[in-house]
Amino acid sequence: MHQTFAAALEMNLLHANQQGADHNRAHFDEWQITCLNVMSSPGAGKTVLLEKTLAALKDRLSMAVIEGDMTTELDADRLRQYGVPVFAINTGRSCHLDSRMVAGGIHQLREHHDPESIDLVFVENVGNLVCPAEFEVGEHVKVALLSVTEGEDKPLKYPVMFREADCLLVTKTDLAPYLDVDIEQIEANVRQLNPSVTIIPVSAKTGDGLAAWFSWVQTVVNHRKPIEATSA
């Protein structure tokens, strides 16, 4: 009985969250905004990746960030230095962003900026390999990061995130020579779960692979924009 009740409660929570995610996505679609949900375990490099991305693409795309963190605005403050709108959401004890929280960020975006002037919104989720993948927030694309320091087995141990990802960034590749890790094996393990995922090994420190990531982001945005908006 207890297990049945818990399962029903979880289904209701996920259903309610999905309704909110669909509502958020409808706003993004109305404003012709592409939304990327960036997910990983703590310390995999989400914030530094966004720093590099904002710096590289700020002259080509109008961007904003909805920044999720449990208690502080440390990461949000780092990203604000790049001159883009950043909306911080503190989740308290919650280990992920949900669609209701992101709706709060969308409300702030609409209140303080013209949303139709924004091309791309990054949602930086809370560091966690489990919960963020189960709760959609209205994104069009899911991006997962996996640091080489986490080992080759993580995709197999935490399959949901890697199964759902549209793009996987294998980060901190500059550390691979100093670790007992095989990047090709990481990729193989991911493709067992998700054969069609785009995999881009990157190093924010050396810059290796970042150009491929920037190009992928630009392609995703261009693909979602109406033809007349990209033909100029």
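Checking the conditions here, which among 67, 51, 30 is acidic (Asp, Glu) and open to solvent by 70 Å² or more (accessible area, probe 1.4 Å)? Matching residue, one of 67, 51, 30: 30.
Total residues in the range 177-192 satisfying the condition of being open to solvent by less than 40 Å² (accessible area, probe 1.4 Å) and within 18 Å of residue 164 (Cβ to Cβ): the figure is 3.
Across the range 118-176, the number of residues qualifying as touching a Lys or Arg at 6+ places or on another chain (Cβ under 8 Å) and on the phi > 0 side of the Ramachandran plot comes to 2. The set of residues from the range 118-166 being in contact (Cβ under 8 Å) with a residue 60 or more places away in the chain, part of a helix (DSSP H, G or I) and buried (at least 24 other Cβ atoms within 10 Å of the Cβ) comprises 132, 161.
Being under 23 Å from residue 88 (Cα atoms) and among the small types (Gly, Ala, Ser) narrows it down to one of 144, 165, 176, so name that one. Within the list 144, 165, 176, the selection yields 144. The C-beta contact set for the range 92-107 (first residue hydroxyl-bearing (Ser, Thr, Tyr), second residue assigned to a helix (DSSP H, G or I), distance under 6 angstrom, 6+ apart or interchain) comprises 99/17; 99/20; 99/21; 99/24. Among (1) surrounded by fewer than 16 Cβ atoms within 10 Å (Cβ to Cβ); (2) closer than 19 Å to residue 48 by Cα; (3) out of contact with any Lys or Arg (no Cβ under 8 Å at 6 or more places or on another chain), which single condition is residue 79 missing? In the conditions (1) surrounded by fewer than 16 Cβ atoms within 10 Å (Cβ to Cβ); (2) closer than 19 Å to residue 48 by Cα; (3) out of contact with any Lys or Arg (no Cβ under 8 Å at 6 or more places or on another chain), residue 79 misses (1) alone.
The values are calculated or read from the model by the stated rules, or taken from the named source; none is laboratory data. Just so it is clear, the model here is predicted, and its values are computed rather than measured. Reconstructed Cβ throughout: ideal geometry from the backbone, glycine too, with neighbour counts over all protein chains shown. Note: areas computed on protein heavy atoms with side chains; ligands, DNA, RNA excluded. Shrake-Rupley method; radii C 1.70, N 1.55, O 1.52, S 1.80 Å.
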